[in-house]
Structures are given as C-alpha cells and as structure tokens.
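The values are calculated or read from the model by the stated rules, or taken from the named source; none is laboratory data. These numbers come from a predicted model, not from an experiment. Positions of Cβ are backbone-derived with ideal geometry, glycine not excepted, and every protein chain shown enters the neighbour counts.
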Amino acid sequence: MSEGELIVIGLRLVIPLLILRWPLFGGVTAMVLDALDVVIIDSLGLGGFGAHYSELDKLLDSYYLTLELVVAFRWTSVWARIPAIGLYVYRIIGVVAFEITDTRALLLVFPNLFENWWLYCVFVARFFPALYPKSVRSTWIPLFLLLVPKLGQEYLLHYQEAEPWDWTKRHILHI
C-alpha cells in the first residue's frame, strides 16, 4: 500500500466522523472527499491506488453512509427516517450484489439515492423546515425529483464508466 493511499484512506476514515457532530457539513465534506479521492492521491505524488480501488471505494463509501444512517436513526419524523433506512438497505444490497456478480448494471438498479435523500433531509431541516418530509406527498415528490439526476449520475459513472476526475486533474490541477 502506497503512502498516498494510506493518507487518502486516513482522510476517508476521519473526515466522515464530522457527520456525527455536524451532519450537513460532515456529509457534504465526506461526499466531496469521495468524489476527489483519485485527484487528491494523484496530486500528492506518493503513489496511487492499486487495482483494488473499486472495492476499497465501495467499502469507504459504505462507512460514511453508515455514519449518515446513524444520524438518520435519530430523526423524529418517520417520513424522513423510514425512507432513509430503506434506501440505505436497498443500496447495500445493490453493492453486495455488484461485488458478487461484477454486473455494473446493478448499480443502476440499486442507485445510491440514500445519500441524496439524507442530504436533502438534513438541508431542508436546517434551512427550509416547511419542506421537511411530514406526509406522503412531501416524501415522494422529493424522492422522485432526487432519483432522476441520481440515475443519470449512476449511469455515467458506473455504467458508462466516465471518469470526471481525469478532467479535473487535466484542466484544473494540470496533473
């Protein structure tokens, strides 16, 4: 394991702990760190990820999503909490099925809508409490609106295997 890999893994284990104290800040920071981990490791120049990156990334994603689930368990609204729990379990089933079968299309069938739902609930609770889920309608409408772009993202990243971090490295960091 390279020094760069150890640093990034350390960051991906420590930074998500912020979720437990500052859910919105911690969740957004963990998500950004997840999106940029490949860029960070390359910019450090201390060695990259090995061939096991995909498995490691899914494991580290599951770690910070589990911390978000811990926060969701504390939500008093069942309209926010129950969908969060269900979406988390659904995604974990999808990740396990993908790891067993290596069928990329499963990541489209089991999108990570949990993270988007969780961020939505934390964001609206803080800034727009009137939008916080409290009925069938205030739950299903945002879920649907969050699902559409998430399916596009899952398609690009996991099915088409687009690598937006390469564009970031070339055009922003000039690596």
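Checking residue 134 against (1) of a type in the set (D, E, K, R); (2) at pLDDT 95 or above; (3) surrounded by fewer than 12 Cβ atoms within 10 Å (Cβ to Cβ); (4) not in a helix (DSSP H, G or I): exactly one of these is not met. Which one?
Status for residue 134: all satisfied but (3).
Can you tell me which condition residue 121 does not meet? The list is (1) out of contact with any Pro (no Cβ under 7 Å at 6 or more places or on another chain); (2) surrounded by 14 or more Cβ atoms within 10 Å (Cβ to Cβ); (3) modelled with pLDDT of 95 or more; (4) closer than 24 Å to residue 62 by Cα, and all the others hold.
Single failed check for residue 121: (1).
Please tell me if residue 28 is under 24 Å from residue 98 (Cβ atoms), of a type in the set (Val, Ile, Thr) and assigned to a helix (DSSP H, G or I).
no
Would you confirm, using the coordinates I've provided, whether residue 27 is crowded, with 16+ Cβ neighbours inside 10 Å, in contact (Cβ under 8 Å) with a residue 60 or more places away in the chain and touching an Asp or Glu at 6+ places or on another chain (Cβ under 9 Å)?
Numbers: crowded, with 16+ Cβ neighbours inside 10 Å: yes; in contact (Cβ under 8 Å) with a residue 60 or more places away in the chain: yes; touching an Asp or Glu at 6+ places or on another chain (Cβ under 9 Å): yes.
It is true that residue 27 is crowded, with 16+ Cβ neighbours inside 10 Å, in contact (Cβ under 8 Å) with a residue 60 or more places away in the chain and touching an Asp or Glu at 6+ places or on another chain (Cβ under 9 Å).
Name the one entry in 44, 36, 20 that is within 15 Å of residue 66 (Cα to Cα) and in contact (Cβ under 8 Å) with a residue 40 or more places away in the chain.
Working: 44 fails: within 15 Å of residue 66 (Cα to Cα); 36 fails: within 15 Å of residue 66 (Cα to Cα).
Result of the check over 44, 36, 20: 20.
Among the residues of the range 7-24, write down those that are over 30 Å from residue 124 (Cβ atoms) and either surrounded by 13 or more Cβ atoms within 10 Å (Cβ to Cβ) or of a type in the set (Ser, Thr, Tyr) (or both).
Going through the range 7-24, the residues over 30 Å from residue 124 (Cβ atoms) turn out to be 7-10.
The answer is 7, 8, 9.
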